[in-house]
């Protein structure tokens, strides 16, 4: 059982990382299922999924749809390191958004051209997950947003788009890193409504197989985020 000194997902991530590094879970082997991990550590499926997402972002595990999650057989890749408390954190957010603009626009266009029905359903499901996060009493944590963008990357059917986002990890979502920066927004309700409107436009373009519209919708979304955070940086 895990303690309460830090978040349960962080504790579980450390426990699983230690087992992988000690080769309790050998390279190429399948780690226990969600249900098994829930029972072993006495945590919820949400905690397990967050821990697995962290391991995946660190390059330690690879999910295989319909089969399970497997320990990577390759040397561990070190993700970008972010310090949300650093003086330059906001500048980092702006730089990452600019980087995403150079990659995710074409990713959205390719997803519109190449996605299959199952992948489109997955994107729509992640859109609903964001809405659920927003409606929860604890607010929008941003995890659903990351999974939404990851689902689009997966729908390109070019594995390197997904690997790129996974390598950087959930910290590409600005509000995961610096929720304190959101205090200057007009309102959470208006902010979330704007984000979801942008997300819906992306989904509709991908559903219509309109690559140009998907590219434009993703540009509007990421450029909008860039401008919203840039407005809070007096040096930009």
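The values are calculated or read from the model by the stated rules, or taken from the named source; none is laboratory data. On a predicted model such as this, the values are computed, not experimentally measured, just so you know. For neighbour counting, all protein chains shown are included, and Cβ atoms are generated from backbone atoms with ideal geometry for every residue, glycine included.
For the range 18-43, the set of residues classified as in a loop (DSSP other than H, G, I, E, B) and in contact (Cβ under 8 Å) with a residue 12 or more places away in the chain consists of 25, 26, 27, 28, 29, 31, 33, 42, 43, listed by residue number.
Scanning the range 198-213 for residues that are farther than 16 Å from residue 151 by Cα and either in contact with a strand residue (DSSP E or B) (Cβ under 6 Å, 6 or more places away or on another chain) or not in a helix (DSSP H, G or I) (or both) gives 208, 210. Of the listed requirements (1) modelled with pLDDT of 95 or more; (2) not assigned by TED's automatic domain parsing to the domain that holds residue 130, residue 236 misses just one: (1).
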